[in-house]
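To start, the structure itself, in structure tokens.
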Amino acid sequence: SLACVYLTLAAPFIAAVQILVYAGAIMVLVIFVIMLLNLDEDKPLDRLRYLYGIGGGLGLILLVQTFFI
């Protein structure tokens, strides 16, 4: 939205630079997240399997309450 303000003030170069800098910062953050993820280990989480049932039950309760309201 800041780039739109710059465009309304007749400053298209600053608006384009603002968009490029912001998009570059987002891309750097995505690259850091990908680098920090350890994708070599694919271990299934068997110890947390019961949470699927609890989450499904709570989701069903929330859905019933939503339709009741």
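The values are calculated or read from the model by the stated rules, or taken from the named source; none is laboratory data. Source: prediction; values computed, not measured. With ideal geometry, Cβ positions are generated from the backbone for all residues, glycine too; neighbour counts draw on all protein chains shown. Each accessible area value is taken on the protein alone, full model and side chains, heavy atoms only, with ligands, DNA and RNA left out. Shrake-Rupley method; radii C 1.70, N 1.55, O 1.52, S 1.80 Å.
Structural remarks
- Per the Debye calculation on the chain with a single equal scatterer at every Cα and no solvent contribution, log₁₀ I(q)/I(0) for q = 0.13, 0.19, 0.28 Å⁻¹ amounts to -0.74, -0.81, -1.09.
- Structure-based [θ]222 nm, the chain - -39500 (n - 2.57) summed over DSSP H runs of at least 4, per residue, nearest 500: -25000 deg cm²/dmol
- Cα long-axis angle, helix 50-68 against the chain (0 to 90 degrees, to the nearest 10): 80 degrees
- Accessible area of the chain belonging to carbon and sulfur atoms, whole % at 1.4 Å probe: 75 percent
- Packing order of peptides 48-56, 17-25, highest average first: 17-25, 48-56 (average count of other Cβ atoms within 10 Å over each peptide's residues).
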